[in-house]
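Engineer: First, the structure itself, so that you have it in front of you.
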Amino acid sequence: METKVLGIWIPFSSTNVFWRDSEFCPQGVWGNAGECFLFLKSAKISLYSSMTTATPKKLRFIDFCAGIGAGRLGLEKNGLTCVGFSEIDKQAEKTYRSFFGEEETNYGDLMKIDTKKLPDFDLMIAGFPCQTFSVIGQRKGMGDARGQIIYGLIKIMQEKNLKYFILENVKGLTNHDNGNSFRVILQELDKAGYKVFNQVLNSIDYGVPQMRERIYFIGIRKDLIPEDFEFYFPDKQPRADVKDYLIDNKELEFNDKKESYDTFLRYLKNNYNHGRYDLDEFLTRDYLVIDTRQSDLRLYINKVPTLRVGRHGILYVKNGKFRKLSGYESLLLQGFPKQLAKKVDGVIEEIHLLKQAGNAMTVNTIEAIARELFKTLEKYEK
């Protein structure tokens, strides 16, 4: 049996052969960058390089479909370095720069990027557009222009020979078009040369009190890992207390002096809600969360429903008063630290913050996934 490595034909007669700079090292051990380990198993040969050492502080990434940078924060908390971002929404870019600085490089529309102009980087993170697969959207899927963005991401992966990627999308992607869109995406990522792991995770299990189910894809270039490599998504974490995220804000107090209060009262009298609820009783239950975004009112205790881009009708009770969920609070519920959220509170319009938070990844979830990924890679390197 023989295999071709960098243009050199090497016969195999033993189980393990180590190769370095065109020389055999019979007693080879893991070495420095440029060394490779050839692993023969079940008559198949895998090649992976010690250059794949998953030391987060040495890894560089670009933040694609960046939004306001939640994915970036999750990776930076693991020690990775961001070398640019890609975002076409000008309002989101404004918030992003408020967080990370005006000097940050935006490479613009990823479908138009000349990859030769991108710096070298190791990992891609992208929350590629979900509206085309979302339950609340029209679910056009791969037939929508936004659904084609996955191909633009794959093109960048291949042309930059990326080592890893983390992708995020709505849970609805898994069953869109009877699962065909999901299968096509997995097939294309596999054809691009990546071993892919995916799982639906809920943000409420990773340190924020928001119910937010999303599917996450972890990709590792196949030549960097053995065939038996396995990755398991992070275990659930203790639940957070919603009291730490819902902060009094007099300007957003919701009472009979506000025009929207009359709308709320009419909403309570619709065919779904009439006679079912007592406002006075609501006001005795501090931190009761009230979702008015559906025809039927929904109540939550110590958690907040999924934040969304276009629907912002979440109220809560505090100190015997109704309050509207603010943009600042929405950022906290997505895992943004208070010091960053304060930078844009009162600076970026409330309607934009609510939309941007609803469109963001959850910082804590990305942080947990990345931590588990690099911990797993380190185990295999040892």
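Engineer: Let me understand the stretch 81-126 better: what is its radius of gyration from the alpha carbons, and its Dmax, in angstrom?
Structural biologist: Computed over the Cα atoms of the stretch 81-126, radius of gyration and Dmax are 10.8, 28 Å.
Engineer: Starting from the Cα coordinates of the stretch 271-382, work out the convex hull volume and express it per residue in Å³. Don't skip to the answer; put the middle values down first.
Structural biologist: Numbers: hull volume 16.2 nm³, N = 112.
Enclosed volume per residue, from the Cα hull, is 145 Å³.
Engineer: Show the residues, 5+ positions off or on another chain, whose built amide H is closer than 5 Å to the amide H of TYR194.
Structural biologist: For TYR194, the qualifying residues are LYS222.
Engineer: Which lysines have a Cα less than 29 Å from the Cα of LYS112, not counting those fewer than 8 places away in the same chain?
Structural biologist: Straight-line reach from LYS112, under 29 Å: LYS58, LYS90, LYS94, LYS140, LYS155, LYS160, LYS163, LYS171, LYS191, LYS195, LYS222, LYS355.
Engineer: Okay, moving on. How big is the Cα convex hull of the stretch 248-325 in projection, averaged over all directions, in nm²?
Structural biologist: 5.2
Engineer: Length gain on complete extension for the stretch ARG60 to GLU378, per 0.36 nm per residue less the alpha carbon to alpha carbon distance?
Structural biologist: 112.8 nm
Engineer: Moving to a separate point now. State the extension gain, in nm to one decimal, for the chain segment bounded by GLU230 and LEU299, taking 0.36 nm per residue of separation less the distance between their alpha-carbons. Walk me through the numbers on the way to the answer.
Structural biologist: Working: separation 69, 0.36 × 69 = 24.84 nm, distance 3.97 nm.
Residue separation times 0.36 nm, minus the Cα-Cα distance, leaves 20.9 nm.
Engineer: Through the Karplus equation 6.51 cos²θ - 1.76 cosθ + 1.60, θ set to phi - 60°, convert the phi angles of the stretch 276-291 into ³J(HN,Hα) values in whole Hz; use x for Gly and Pro.
Structural biologist: Values per residue, Gly and Pro as x: 9, 10, 10, 4, 4, 5, 3, 5, 8, 10, 4, 6, 5, 9, 10, 9 Hz.
Engineer: Bin width 5 Å, origin at 0, all Cα-Cα pairs of the stretch 310-357: what percent of pairs per bin?
Structural biologist: Calculated P(r), rounded to whole percents: 5, 22, 30, 22, 17, 5.
Engineer: If you don't mind, another one. Using a Förster radius of 41 Å, what is the FRET efficiency between ASN202 and LYS116 based on their Cβ-Cβ separation? Nearest 0.05, please.
Structural biologist: So, using R0 = 41 Å, E works out to roughly 0.55.
Engineer: Another question about this same structure. Report the label-to-label distance for LEU186 and ASN161 in nanometres (one decimal), using points 7 Å from each Cα along the Cα→Cβ vector.
Structural biologist: Using points 7 Å along Cα→Cβ, the separation is 2.9 nm.
Engineer: Right, here's the next one. Lysine pairs in the stretch 248-325 with alpha-carbon atoms under 13 Å apart, 8 or more places apart or on different chains: how many are there?
Structural biologist: Close lysine pairs found across the stretch 248-325: 7.
Engineer: Here is a further query. Averaging the inverse of every distinct alpha carbon separation and then flipping it gives the Kirkwood radius. What is it for the stretch 50-122, in angstrom units? Write down the numbers at each step before the final one.
Structural biologist: Details: mean 1/r = 0.0782 Å⁻¹.
For the stretch 50-122, the Kirkwood estimate is 12.8 Å.
Engineer: Also: On a full-extension model of 0.36 nm per residue, what is the gain between ASP177 and ASP256, subtracting their alpha-carbon distance, rounded to one decimal in nm?
Structural biologist: Taking ASP177 through ASP256 to full extension adds about 23.9 nm, to one decimal.
Engineer: Under a 5 Å amide H to amide H cut-off, with H placed in plane at 1.01 Å, what residues pair with GLY207 once short-range neighbours are removed?
Structural biologist: Under 5 Å from the amide H of GLY207 lie the amide H atoms of GLN237, ALA240, each far enough along the sequence or on another chain.
Engineer: Write down Rg/Rh for the stretch 166-253, rounded to two decimals, with Rg from the C-alpha atoms and Rh from the Kirkwood relation over Cα pairs. Before the final figure, lay out each step's value.
Structural biologist: Details: Rg = 17.6 Å, Rh = 15.5 Å.
Computed over Cα atoms, the ratio is 1.14.
Engineer: Which one of TYR261, HIS312, TYR277 is farthest out on the positive end of the charge dipole of the stretch 248-325, using unit charges on Cβ (Lys, Arg +1; Asp, Glu -1) and the Cα centre as origin?
Structural biologist: HIS312
Since every read-out is calculated from the coordinates, none of them should be taken as a lab result. All of these numbers come straight from a predicted model, not from anything done at the bench. Cβ: placed from backbone, ideal geometry, glycine included. Neighbour counts: every protein chain shown.
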